[in-house]
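Following: one structure in structure tokens, then a few remarks.
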Amino acid sequence: GLSESPRTMAALTQSLTFTGQRVVSRAAPTQKRASVTTKAALKHADELLETATKMTMPGKGILAMDESNATCGSRLEGVGVENIEENRRRYRELLITAPNLGEHIGGAILFEETLYQSCADGTSFVDALNAQGIYPGIKVDKGLRPLSNTSESWCQGLDDLADRAAAYYEQGARFCKWRSVVSIPDGPTRTAVTDCAYGLARYAAICQNAGLVPIVEPEILLDGTHGIDETMEVASWVWAETFKYLADNNVSYERMLLKPSMVGPGADCPVRNTPEEVADYTLRMLNSRVPPSTAGIMFLSGGLSELDSTLYLNAMNQSPNPWHVSFSYARALQNTVLKTWAGDDAKLVEAQGILVRRAKENGMAQLGKFVAGDVSDSESESTYQKNYVY
């Protein structure tokens, strides 16, 4: 018990009179509070907030051009261009030097090779992007690997991430991306969903501390015959898990971006939904899972056609949202561009014009003001690839 002096007792005792009786009430002794671990201040907090804010200005989205050398190479070979570093560099230079690209592109996600490359005139890619007002970003995950005792995948790359993130920041990157996937036909098992969510949260915490705004990307793969309701169920589960682990890891929502897949039917589902239905399901899922303080939601196209990805985004911006709802497209911005260029620099200006137009169309969709006009065959064809590997 406590050893109290008369003065202490007087402070602890109150005299009250009820029906002539003196009642003594004694305050309970205060318990020593358990120590609480407080969140350390982010070293780059102000810069992170500025980066996230400027990348999510009205009418702006992200150009994803971070395909691995193998994936980029397969696309080049698909149009008759040899997969060598110089050709990858030429194609990426075409993208980042397109005139006025920065009007509707706030950031460009690069592969590691690309972050260190330069234009033909010697200007570094980082400087070329900054000159357009486009933030350079970097893909930091190291790809998918089989998840033991399941038919699913897990994403690797955490072990040396802190050191790599510091080096990328030094090179000029200011945001980053980590893609993990969940497959509906292959599961999804709790093991896979938990690994996906926890890995994304650890990545986001590490990269915020290195000065990089993290894009959190748990992609629900299009593969499968499932309908939109099953996609909704799985997406809601994955996002609930992801935000639980983001909170556990003290990730700042105001300084991160989300890159979700839209809630739609599987690629082989016989029932196809309208853009309005996809928008309704997607927004209902996000409103039930994503804190309003989150800086932005930058949808992936995930194999949708160029036209559909723009129509779906436009439908989601027909009424105000608590977040900046925009795009982070790769195939849905580049498909027609690459087919037009096909390694021929005589077609470079034409290809760049297509990229700028696609960026503008999606920028208008971010504002809810896109109107479809004449559409080429390549813009209306699906870019879906079964078992897609980035």
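The values are calculated or read from the model by the stated rules, or taken from the named source; none is laboratory data. Everything numeric in this text was worked out from a predicted model, so none of it was measured. Virtual Cβ from ideal backbone geometry, glycine too; neighbours counted across all protein chains shown. SASA here: full protein model, heavy atoms, side chains in, ligands and nucleic acids out. Shrake-Rupley method; radii C 1.70, N 1.55, O 1.52, S 1.80 Å.
Considering GLY264, GLY227, GLY199, the condition of being without any contact (Cβ under 8 Å) to a residue 60 or more places away in the chain and crowded, with 22+ Cβ neighbours inside 10 Å is satisfied by GLY264 alone. Restricting attention to region 202-224, the residues that are in contact with a strand residue (DSSP E or B) (Cβ under 6 Å, 6 or more places away or on another chain) and surrounded by fewer than 21 Cβ atoms within 10 Å (Cβ to Cβ) add up to 1.
When region 182-196 is filtered for residues that are surrounded by fewer than 18 Cβ atoms within 10 Å (Cβ to Cβ) and part of a helix (DSSP H, G or I), the ones remaining, listed by number, are ARG190, THR191, THR194. Within the option set ASP141, ASP159, being over 24 Å from LYS339 (Cβ atoms), without any contact (Cβ under 8 Å) to a residue 12 or more places away in the chain, part of a loop (DSSP other than H, G, I, E, B) and open to solvent by 10 Å² or more (accessible area, probe 1.4 Å) holds for one residue only, ASP159.
Among the residues of region 89-108, those that are more than 12 Å from LEU355 (Cα to Cα) and outside any helix (DSSP H, G or I) comprise GLY106, GLY107, ALA108. Is it the case, given these coordinates, that SER293 is in a loop (DSSP other than H, G, I, E, B), at pLDDT 95 or above and either within 17 Å of the chain's Cα centre (by Cα) or surrounded by 17 or more Cβ atoms within 10 Å (Cβ to Cβ) (or both)? The answer is yes for SER293. Any residue in region 245-255 that is free of Cβ contacts under 8 Å to residues at least 40 places away in the same chain, open to solvent by 10 Å² or more (accessible area, probe 1.4 Å) and under 30 Å from GLU47 (Cα atoms)? Among the residues of region 245-255, at least one is free of Cβ contacts under 8 Å to residues at least 40 places away in the same chain, open to solvent by 10 Å² or more (accessible area, probe 1.4 Å) and under 30 Å from GLU47 (Cα atoms), which makes the answer yes. Filtering region 92-111 to residues that are open to solvent by 10 Å² or more (accessible area, probe 1.4 Å) and touching a residue at least 60 places away in the same chain (Cβ under 8 Å) leaves THR97, PRO99, ASN100, GLU103, HIS104.
Kindly evaluate ALA247 against the criterion of being assigned to a helix (DSSP H, G or I), at pLDDT 95 or above and touching a Lys or Arg at 6+ places or on another chain (Cβ under 9 Å). No: the conditions fail for ALA247.
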